[in-house]
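Here is the structure we will look at.
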Amino acid sequence: MKRTLLALLLISFGAYAAPESRQSIHDLPQSKQLKSVKKQLISEQKKLQEKQAQQKRAQEILRQTQLAIAAARRELDELNRQQRTSWAKLQDLQNKLSQLQTEVGNTKAQISRLLVSNYKNQQPNSVVIFLKNADSNQKARFLQYSRYINAANDAVIKKLSEQQEQLEQQETAIHRELERLKKLAQVQQKKLHELGQSHQAAVADSQKLNGEISSQNNKIKELRESEQRLANVLSEINSKRIAQLKAQAAEKQKLAKQRAANPQNPPTKSAPEVEMVQKFSRLQGTMRRPVSGSIAGRFGQARNGGGIWRGVFIATAPSAVQAIAAGEVVFASDLGGYGKTVIIDHADGYVSVYTGLSSMNVALGERLLARQSVGMSGTLPTGEQGLYFEIRYRNRPMNPLAWVR
């Protein structure tokens, strides 16, 4: 009968302890905050891909503007060459025109002098005397020669006039061509200036995108590092919690054996742990905030630096930070992306997280009472001054404002 009773007690206590242990171990899912970090990492990677696509488009625009600038410069060089050629032709024509004008001027001067001389000299000259004394044949030949000379002089004068007119027409045409080339060059220079501005804008956009991509890469790198650090901390805390649950299960089995062996004098439970388990689960809505200040970041809201708040950010000048409830310090150190951080285990899967501290007054493994100081608030690595505070249940972030007042 005693053996049967002992067996029943062992089975009942084993059934009581083992499922709870297994349930507690398997109910420790990956932290929602860790998933959030991974989600944010994926988002940043998508942003990086978009930036890289924009950079490719900017580089193509830059290449096109460079080609357009090179073509415009070649056209401008060709216009400048045509201008120089036309200017050289104009100079040559002007020289010829000046020479012809001089010759025409000399010829006109000679004729003018001859006419003036004939007008002033009313006495018969040697030609008249020669004609009077010469025979008719000589007179005829002389007069014919004179007509030839006068005709030749008239032809020279006429030809000089025609050449002068042609040179003036060519000069006018070259002036028009120079004006046309000048206007084309001005248009080309304006186009080149606009292309230069477009090129500079494309270069500036490309440099800006390069900077944004570099910043995005750095941000992704920091997120990955923060993710790894956070994963390590959560893994360590989970490992300790699992070990504690296993130890508690073993302790319950041991207690069951002791009760079965000595039913008249059962061993007592560990009072502090039972009190802590029962206490925190009944404190929702009654606990005070860890520090005074204004709520600058609420649970679930978008965060300026990216991501969302998984707790609350309380903006405040440096102030004493107090534990919201009794518990054990399971983490007290610097944590990348959060600064000085304290995590308190309140048992039964509840933890509270205090980050951005300027100093810490607690040590790992220390048991704290409610309202006991854990340190001084400071500034988060992202620049916000105050305290970032979280409450988690089995690593699931919960809205702290539903628990504290």
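Derivation of every value follows stated rules applied to the coordinates shown; laboratory data play no part. Remember, predicted model here, so these are calculated numbers, not experimental data. Don't worry about glycine lacking a Cβ; one is built from the backbone with ideal geometry, like all the others, and counts go over all protein chains shown.
Among the listed pairs Lys47/Lys221; Lys96/Lys159; Lys254/Lys279; Lys56/Lys208, those with a Cα-Cα distance over 18 Å are Lys254/Lys279.
Spacing of the modelled spin labels on Ala363 and Ile42, each 7 Å from Cα toward Cβ, amounts to 4.4 nm.
Distance between the 7 Å Cα→Cβ label points at Arg73 and Glu168: 4.5 nm.
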